[in-house]
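Beneath this line is the structure, given in structure tokens, with notes to follow.
No value in this document is a laboratory result; all are computed from the given coordinates. Since the model is a prediction, treat every value here as computed from it, not as a measurement.
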Amino acid sequence: MTTLKVQKRDMGTKAKRLRREGYVTGNLFGKDIEGSIPLQVEKKEAERIQRECLKGSKLVLDLDGKKYNVLLKELDYDTMKRQILELDFQALVSGEKIHSVAEIIFHNKEMVVDGVLEELLTEIEYKAVPEALVERVDIDCSKLKVGDSLTVGDLEIAKDKDIEIVTHLDTPVVNVVASHNAVADEEEAEDTESK
């Protein structure tokens, strides 16, 4: 599991100043933590986490030598400035169900040639104990054809007895629809035949 070294943040120092000094701000919260613990993370370390982890990933926080098993709850990224603004972590407690998300990753999209692949959902909300947490849901699109669609209920995560799905099971995840060019070509052919 990925480990991230963090430091306790002095709340007397403004977030803007910390960013200028090469840090990203954050928070650690959880059932066994009173309030929350303000954090500061070295920018390089925060960027490594952004590359290696998805929202909903489990990792270990090393805070002044004390280790916490945590969930990456939120990663606030400013696309204009291309910088991470905030990282929020939830401390995991064994046996306690927590609310999380699993990112949907679509594979082999280029193999859908008959129609247009519509990605309709990017993440699935669910509840589970720390031992059953899922970071991602992989979907192989290679066998999908025009007219096919998948809902949350069709996915493996929905069949896992240790996971309570929050997103409605009827929510569409992906569709394959006929491309407009194909429809136009068919109509043109029909017009020619009727003349």
So, for the Cα atoms of the stretch 1-48, Rg and Dmax in Å stand at 11.4, 33
quick shape note, the stretch 1-84: Cα extents on principal axes in Å, largest first -> 34, 30, 20
For the stretch 27-181, the Cα-Cα pair-distance distribution in 5 Å bins from 0, as whole percents, is 2, 8, 16, 17, 15, 14, 12, 8, 4, 3, 1, 0, 0
In degrees rounded to 10, the 0-90 angle between helix 180-194 Cα long axis and the longest Cα principal axis of the chain is 10 degrees
Per the stretch 100-154, sqrt(5λ) over the Cα gyration tensor eigenvalues, sorted largest first, in Å, gives 26, 10, 8
Going through Lys5/Lys55; Lys66/Lys127; Lys31/Lys66 one by one, the pairs whose alpha carbons sit over 24 Å apart turn out to be Lys66/Lys127
The ratio Rg/Rh over the Cα atoms of the stretch 48-135, Rh being the Kirkwood inverse mean 1/r radius, stands at 1.07
